[in-house]
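Student: Before I ask anything, let me first share the structure, which is written out below as structure tokens.
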């Protein structure tokens, strides 16, 4: 029997194949605003958003507001914060976040969302092992998407962006989302694992002192493996099929 009593999964890119749509929505959001943003050096418009590297390094796993702030900081751009009532646009941090939300929501309505093929078998295997499972996400869409795909029936708890706002939980790399999920599973972090594909997510798992932090690299490539390990993953898997065996592996603390 595994010494790990629970697993807390990130949602986007781990359970649901939404990462590509998130990256595309961020690129459209930022690139359409670039001509309106001039860096203080006067060197012309900042470089476009890179849907691979900028997505991984700046916005993946973060709340929309934190993602906007990280991108603006990387391009040395200052925008006023604005308010949650700001309409989608390019003039404030809240407006840019609202713009991304609108673009992503439209993409979901048009294309829907897919579940990775290894998710359901893995969740069922964990349930057979008496290992409880939770999903976390900074996205306010997560709970609805998990319900729409039927994954909620295989999970014991969900903590999403709606919960984070209601509980005033800070975003990743703070471990608050993961700790809230572990509490709902009634499992101490020292007996729980975190599975994440985002760098800030593995940092959060490490900061929360979880027993095992698993980096997930579905796209392959040694550079992503190395980045996940450098940010705090105990091991990196190419998919979820190997997770049950990793939980049983006594070599991991």
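Student: Hey, among the residues in the range 237-247 that are in a helix (DSSP H, G or I) and either in contact with a strand residue (DSSP E or B) (Cβ under 8 Å, 6 or more places away or on another chain) or exposed (fewer than 14 other Cβ atoms within 10 Å of the Cβ) (or both), which one's modelled with the highest pLDDT? Outline the logic, then answer.
Tutor: Residues of the range 237-247 in a helix (DSSP H, G or I): 243-247.
Filter once more, keeping what is either in contact with a strand residue (DSSP E or B) (Cβ under 8 Å, 6 or more places away or on another chain) or exposed (fewer than 14 other Cβ atoms within 10 Å of the Cβ) (or both): 243, 245-247.
Details: 243: 97, 245: 94, 246: 94, 247: 93.
Looking at residues that are in a helix (DSSP H, G or I) and either in contact with a strand residue (DSSP E or B) (Cβ under 8 Å, 6 or more places away or on another chain) or exposed (fewer than 14 other Cβ atoms within 10 Å of the Cβ) (or both), I get 243.
Student: Checking residue 118 against (1) farther than 24 Å from residue 180 by Cβ; (2) free of Cβ contacts under 8 Å to residues at least 24 places away in the same chain, only one condition comes out false. Which one?
Tutor: Against the list (1) farther than 24 Å from residue 180 by Cβ; (2) free of Cβ contacts under 8 Å to residues at least 24 places away in the same chain, residue 118 comes up short only on (2).
Student: Select from the range 198-223 the residues that are in a helix (DSSP H, G or I) and in contact with a strand residue (DSSP E or B) (Cβ under 8 Å, 6 or more places away or on another chain) and write down the one among them that is nearest to residue 187 (Cα to Cα). Break it down stepwise before answering.
Tutor: Start the filter on the range 198-223 by keeping residues that are in a helix (DSSP H, G or I), which leaves 199-207, 222-223.
With the extra rule that they be in contact with a strand residue (DSSP E or B) (Cβ under 8 Å, 6 or more places away or on another chain), the set shrinks to 201-202, 204-206.
Details: 201: 19, 202: 19, 204: 17, 205: 14, 206: 16 Å.
Here the residue is 205.
Student: Just to check your reading of the model, which residue among 99, 132, 120 is buried (at least 16 other Cβ atoms within 10 Å of the Cβ) and more than 25 Å from residue 152 (Cα to Cα)?
Tutor: 99
Student: Which of the residues belonging to the range 79-127 are in contact with a strand residue (DSSP E or B) (Cβ under 8 Å, 6 or more places away or on another chain) and over 24 Å from residue 217 (Cβ atoms)?
Tutor: Passing the criteria: only 127.
Student: With part of a helix (DSSP H, G or I) and under 15 Å from the mean Cα position of the chain (by Cα) as the only criterion, which of 97, 164 stands out?
Tutor: After ruling out the rest, the residue left standing is 164.
Student: Quick one: would you say residue 61 is at positive phi, within 18 Å of the chain's Cα centre (by Cα) and surrounded by 13 or more Cβ atoms within 10 Å (Cβ to Cβ)?
Tutor: yes
Student: Kindly indicate whether any position in the range 125-146 is in a helix (DSSP H, G or I), within 24 Å of residue 26 (Cα to Cα) and without any contact (Cβ under 8 Å) to a residue 40 or more places away in the chain.
Tutor: Yes: the range 125-146 contains one or more residues that are in a helix (DSSP H, G or I), within 24 Å of residue 26 (Cα to Cα) and without any contact (Cβ under 8 Å) to a residue 40 or more places away in the chain.
The values are calculated or read from the model by the stated rules, or taken from the named source; none is laboratory data. The shown structure was predicted, so the numbers you read here are calculated from the model rather than taken from an experiment. Heads up, the Cβs are rebuilt from the backbone with ideal geometry, glycines too, and the neighbour counts pull from every protein chain shown.
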